[in-house]
Amino acid sequence: MAASTQGDMSAPTMVTQMTDSASAPALRFNGVSMVYPDGTHALRETTFDVRPGEFVTVVGPSGCGKSTLLKIASGLNKPTTGSVDVDRTKVGYVFQDATLLQWRTVQRNVELLAELQGMAKVERRQRAEETIRMVGLGGFESKYPKQLSGGMKMRASLARTLVLDPKVFLFDEPFGAVDEITRERLNDEVISLFGRERFAGLFITHSISEAVFLSTRVIVMSARPGRIVAEFAIPFDYPRAPELRFDPRFAELAGQISHELRGAHS
Amino acid sequence: MSDFSETVGHAHHDADILIHEQAPDLELQLDAAPPPPSTARSRKGMLVSYIGPVVVFLLFVVFWEFMHRWGMRHLLDKRPQLLPSPVTVIDKSFLDANVRHQLIAGLGWTSYAAFIGLAITIVIGMLLAIVMAQAVWVERSIYPYLVALQATPVLAIVPIIYSVFGGGMNSRIYVCVMISIFPIVTNTLFGLTSVDSSQHDLFTLRNASTFTRLFKLQFPAAMPSIFTGFRISAGLAVIGAIVGEQFFREGEKPGIGIVMEQFRQKLRYPQMYGGLLIASLLGIAVFFVFNALGKLVVGHWYESTRRT
């Protein structure tokens, strides 16, 4: 585990320190269910884990509690019952929108999380420059968000999360708002990041092809209250080439997932 | 409601229009960013934006002259002397050295009251907004008194202002604050509390303190609405200074309102209208100064949804 600067994040009670062993899950949901104060039953008795080097994608009908999973994993929400095992200092969260601060340049936006964590100025500047290059935004350091396209904003958002070198990456439908071509390109970017960093990834999406393309495992959830109805192992090797999307085995898997998803709707 | 038109628009910043992304090579990606406005087009825009105001100004002067020569007598059945011609006004006020000095000295004292009043308003108003932004119950508890203050006629509380702040400059400054504080508080509060919830989540995930959140997230995000508040309050501070002069005339610091009143009592109407013109100019100048200041501070990042 990289010895990155640790802030003063005191771990909540349910958090256990993860070991360095590759077999130990980096993120574990133990019978997590969630009922919101307004009575919405979002999630029912969900148990699964994500190991380092695994990329798990959750697909499901709208409002099935997919995003709730991430909110609970990151600590933004507390589950009604059950618990989550994860080292929250190692969690990176990529939001649905880029959520860049409009008054900061790309460089200063990417530095933000490290700044809040208390990382020294020189170190965070250097880290930010590295990750900006990593996501292909080199040369745009001094631009403001309003000068960027939607896809470029998402890249900046990715870079911002990468600065803290997270071991667990949570993606909350991050590319839902960009067009198809940009989305595929950003998927390629995420795949190559995953190939390099081998973090534990938990990705939420509506798109079946995105799920199959990115993941080592796809979990299908039912309509509200959400629970796991099917799991698919995705056997393709990394790095995955964009052409994989036209492979017959890819189509076959996508078809099976689509079938389960239709069942999950009813 | 004009004080909300801009701040509400501000909330739309996340409705990005997504631009088709180019290949991740530098020069192509540059194309993906919105192009800078071409200079030829903006020069034409500048010309058009000057012609409008000039034409309306000329129409205004013509209408004024028309009312003086014909309208006062035949439309309103009043003496034309009540509304002297613009030419007479300029001649008797700005071109008369004596009157000009009186008016400019008055303008100076009015500006002084307005400026100090505005400075106090900004400090108190923003502190109030910060306190109110901390919890909904605080906001709900304080808001009614702000509305009440806003609705209180100065006339009704002249005696108490007089007994506390005296009959001169201090009371005028008080009136400025009282009249101009509402837009600062509401616009600052709106800005502080309208921050995107996922941006808040970002800070929550890194355990940011209330203080960090206020200064790294809420304040910068609120700057466009804060400047809208400044601009409106600045205009009101000028009005406040002149209103204050109607009730608190003691001391050797006669503002433009007092100078105008002196001319009115002597039936020197052209000089009085000169004072009116110069007071309006002060209001316009203050508005534009704050407009420019706002653009300077937030213009480079703020994506205004207003047409420009």
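Before moving on, here are some points about what is shown:
- Every pair of residues 6+ apart whose Cβ atoms lie under 9 Å, when the first sits in segment A:166-180 and is away from chain B (no Cβ under 11 Å) and under 12 Å from A:ALA73 (Cβ atoms) while the second is part of a loop (DSSP other than H, G, I, E, B) and among the aliphatic types (A, V, I, L, M): A:VAL168/A:MET18; A:VAL168/A:ALA26
- Inspection of segment A:54-69 finds a residue satisfying the criterion of being within 13 Å of the chain's Cα centre (by Cα), assigned to a loop (DSSP other than H, G, I, E, B) and under 23 Å from A:ARG183 (Cα atoms).
- Taken together, A:LYS121, A:LYS90 contain a single residue that is over 30 Å from A:LEU261 (Cβ atoms) and either surrounded by 24 or more Cβ atoms within 10 Å (Cβ to Cβ) or touching a strand residue (DSSP E or B) at 6+ places or on another chain (Cβ under 9 Å) (or both), which is A:LYS90.
- Residue in segment B:99-136 that is surrounded by the fewest Cβ atoms within 10 Å (Cβ to Cβ), counting only those that are closer than 25 Å to B:HIS68 by Cα and not basic (Lys, Arg): B:VAL99
- Set side by side, the residues B:PHE165, B:PHE190, B:PHE219 differ, and just one is within 14 Å of chain A (Cβ to nearest Cβ) and within 30 Å of B:ILE239 (Cβ to Cβ), which is B:PHE219.
- Only one entry in A:ILE191, A:ILE204, A:ILE132 is closer than 28 Å to A:GLY75 by Cα and in contact with a Gly (Cβ under 8 Å, 6 or more places away or on another chain), namely A:ILE132.
- Checked across segment A:193-210, the condition of being at the interface with chain B (Cβ under 9 Å from one of its Cβ atoms) and not aliphatic (A, V, I, L, M) holds for no residue.
- Residues considered: A:ARG133, A:ARG104. Of these, the only one that is surrounded by fewer than 24 Cβ atoms within 10 Å (Cβ to Cβ), of a type in the set (D, E, K, R), more than 7 Å from every other protein chain (Cβ to nearest Cβ) and not in a loop (DSSP other than H, G, I, E, B) is A:ARG133.
- Test set (1) crowded, with 17+ Cβ neighbours inside 10 Å; (2) within 13 Å of chain A (Cβ to nearest Cβ); (3) assigned to a helix (DSSP H, G or I) - B:ALA208 fails condition number: (3)
- Evaluation of A:MET119 against the conditions (1) touching a helix residue (DSSP H, G or I) at 6+ places or on another chain (Cβ under 8 Å); (2) outside any loop (DSSP other than H, G, I, E, B); (3) more than 9 Å from chain B (Cβ to nearest Cβ) shows that the sole unmet condition is (2).
- For B:ASN170, the stated conditions do not hold, so it cannot be described as away from every other protein chain (no Cβ under 14 Å), buried (at least 24 other Cβ atoms within 10 Å of the Cβ) and out of contact with any Cys (no Cβ under 9 Å at 6 or more places or on another chain).
- Just one of the listed residues (A:ILE191, A:ILE219) is within 18 Å of the chain's Cα centre (by Cα), in contact (Cβ under 8 Å) with a residue 40 or more places away in the chain and either in a strand (DSSP E or B) or on the phi > 0 side of the Ramachandran plot (or both), namely A:ILE219.
- Residue count for segment B:147-167, restricted to those that are surrounded by 16 or more Cβ atoms within 10 Å (Cβ to Cβ) and outside any helix (DSSP H, G or I): 1
- Among the residues here, A:VAL110 qualifies as within 23 Å of A:ALA177 (Cα to Cα) and more than 10 Å from every other protein chain (Cβ to nearest Cβ).
- Some residue of segment B:102-123 being under 30 Å from B:LEU236 (Cα atoms), part of a loop (DSSP other than H, G, I, E, B) and not aliphatic (A, V, I, L, M): no
- Of the residues making up segment B:134-155, not a single one is within 16 Å of the chain's Cα centre (by Cα) and within 30 Å of A:LEU116 (Cα to Cα).
- Condition met for A:GLY151 (within 12 Å of chain B (Cβ to nearest Cβ) and either touching a strand residue (DSSP E or B) at 6+ places or on another chain (Cβ under 9 Å) or surrounded by 23 or more Cβ atoms within 10 Å (Cβ to Cβ) (or both)): yes
- Residues in segment A:159-185 that are crowded, with 19+ Cβ neighbours inside 10 Å and not in a loop (DSSP other than H, G, I, E, B): A:ALA159, A:ARG160, A:THR161, A:LEU162, A:VAL168, A:PHE169, A:LEU170, A:PHE171, A:ASP172, A:THR182, A:ARG183, A:ARG185.
- Checking each residue in segment B:243-256 for being surrounded by fewer than 24 Cβ atoms within 10 Å (Cβ to Cβ) and touching a helix residue (DSSP H, G or I) at 6+ places or on another chain (Cβ under 9 Å) picks out B:VAL243, B:GLN246, B:PHE247, B:ARG249, B:GLU250, B:GLY251, B:LYS253, B:PRO254.
- Condition check for B:GLY255: at pLDDT below 95 and at negative phi: yes
- Screening the candidates A:VAL84, A:VAL110, A:VAL94 for the property of being among the aliphatic types (A, V, I, L, M) and at pLDDT 95 or above yields one hit, A:VAL110.
The values are calculated or read from the model by the stated rules, or taken from the named source; none is laboratory data. Keep in mind that what you see is a predicted model, and the values were worked out from it rather than measured. For neighbour counting, all protein chains shown are included, and Cβ atoms are generated from backbone atoms with ideal geometry for every residue, glycine included.
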